[in-house]
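Report on one structure; see the data block that follows.
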Amino acid sequence: MTGRPGLRHIMVLAVLVTAFAMSAFLLSWSFTVSIGIQGTLLGLVISTVAIGIVLPVFLWVDRLEAEPARIMWFAFLWGALISTAGSLVVGGAVRNMLLNMGVEPDYFLLVFEAPLVEEFFKGLGLLLIFIFAKREFNGVVDGIAYAGVIAIGFAYVEDILYLGSNYQQLGQAGLVGTFVVRCLATPFAHPMFTVCLGIAFGLLAHRRRRIYFPVPILGYAAAVTIHSVWNASAALDIWFVLYLVIQVPLFLGFLAVVIFARSLESRTMRERLTEYGMNGWFTPSEVSMLISPNQRRQARIWAKKQYGQAGARAMRAFQDESAELAIAAEHLHRGDRDPHWRERERVLLRSLVAHRKAFVQGANSAATAAPAL
């Protein structure tokens, strides 16, 4: 082993930290100039309400096979800093160009430029995760989770701007009105747009074949189209009517897709873990527990009561590693030739047996005597 892999990781981390820091500085300066320190601070505090509404939904979607925290943080920071700063710079340049041409820019920026540019920058972050964390990007549910968190970060910072701007122009009434419309009535708007891209990348991740390469382009087109329709309705006096007729059905469709994708992941996990159960690695009751969020929580409570914190940690590791095992098994089932998945399977099976012993402790179970690897 040489120091090169570690050096590359440090260089990548340095580039990311620099990019995030520069974006944060640009946004802080821009917000302070445009809406003032008071408006910025008010927006910063109040816009967190939308995060509290939206984020739990995407964590629930990702509950069975949780994604690494480091990638989730990257997704959030990319959306909050890089996507918003990039959109701000491009939007400002387009606005100046249109003004120099004698064209009123507001409607064009709202309906055409913003959807194209914002979804591009959000999609770029999703593409980076897809390329550089490909072993953590395993299907549609992962795509939905990553896309949702990127969009949550973007919406969080954008809400700060709208809240502060309307407070500066209209006072408390403007602040309250913006809070109701953006943070309470439409907190899922940006996640709903970007999830189109997440689903597209998830389909590509599931197959990773050349025939599926155009799918993200279709996802981008869908995200831009829905975003444009949403913004166009906001620019009209009949916004509330369009909200009920168009936006509410779109939101219900978005929820249906999210729930369906979650059910598919649950079914895949059941099938793969059942196969291991038939070969002696799991009991039927363990398989049932592992695919049910409620039973998983009850199992952790039981392990803690019986064996303390060590038992609870072992149970959580057993559950998490079982989900990872199902992912590795699905790759092998699809014929993925990457040797990583076969080795990953071996490592996880050994680790599962070790963790099980911490909360089974001599019980007469198929779990205590593992089959040969």
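Just checking my list (i) -0.61, -0.86, -1.31; (ii) -0.55, -0.83, -1.46; (iii) -0.53, -0.78, -1.31 against log10 I(q)/I(0) by the Debye sum over Cα atoms at q = 0.09, 0.11, 0.15 Å⁻¹ computed from this structure; which label fits?
Comparing each candidate, only (i) matches the computed number.
Tabulate in residue order the Karplus-calculated ³J(HN,Hα) for region 220-226, using 6.51 cos²θ - 1.76 cosθ + 1.60 with θ = phi - 60°, rounded to whole Hz; enter x for Gly and Pro.
My calculation for region 220-226 gives 5, 4, 5, 4, 5, 5, 5 Hz in order.
Checking the a/c ratio against 1.5 first, then a/b against b/c, what shape does the Cα gyration tensor give for region 245-363?
Cα axes put region 245-363 in the oblate bin.
Which aspartates and glutamates does LYS304 reach when only Cα atoms under 20 Å apart count, and residues fewer than 8 places away in its own chain are ignored?
The reachable aspartates and glutamates, counting only those whose Cα sits under 20 Å from LYS304, are GLU286, ASP320, GLU321.
Can you tell me the FRET efficiency between ARG267 and GLN306 if r is taken as the Cβ-Cβ distance and R0 is 41 Å, rounded to the nearest 0.05?
Result of the calculation: an efficiency of 0.85.
Pairs of Cα atoms under 8 Å, at least six residues apart: use those to get the relative contact order of region 51-156, whole percent.
52
Can you list the lysines whose alpha carbon is less than 29 Å from that of LYS305, not counting same-chain residues fewer than 8 positions off?
LYS357
Pull out the extension gain between SER288 and MET11, defined as 0.36 nm times the separation in residues minus the alpha carbon to alpha carbon distance; nm, one decimal.
95.3 nm
If you take the charge dipole of region 207-325 about its Cα centre, with +1 on Lys and Arg Cβ and -1 on Asp and Glu Cβ, which of PHE240, ALA256, MET315 is farthest toward its positive end?
MET315
Helix 4-46 versus the longest principal axis of the chain: what angle, 0 to 90°, nearest 10, using Cα atoms?
Between the helix axis and the principal axis of the chain, the angle is about 40 degrees.
Using only DSSP helix segments of four residues or longer, with each worth -39500 (n - 2.57), what per-residue ellipticity at 222 nm results for the chain after dividing by its residue count and rounding to 500?
When only DSSP H runs of four or more count, the value is -26500 deg cm²/dmol.
Can you tell me the orientation of helix 114-132 relative to the chain, as the angle in degrees between its alpha-carbon axis and the longest Cα principal axis, to the nearest 10?
With both axes taken from Cα atoms, the answer is about 20 degrees.
Rounded, prolate or oblate: which fits region 260-309 when a ≥ b ≥ c are the square roots of the eigenvalues of the alpha-carbon gyration tensor, with rounded for a/c under 1.5 and prolate only if a/b beats b/c?
In terms of gyration-tensor shape, oblate.
Using alpha carbon centroids, what distance separates region 305-328 and region 41-113, in Å?
35
Please give the residues of region 155-181, grouped as numeric ranges, whose backbone N is less than 19 Å from a label point set 7 Å along the Cα-to-Cβ vector of THR32.
157-158, 160-162, 164-165, 168
Coordinate-derived values only; no laboratory data. Everything quoted here is computed from the prediction, not taken from an experiment. Neighbour counts run over all protein chains shown; Cβ positions are idealised from the backbone, glycine included.
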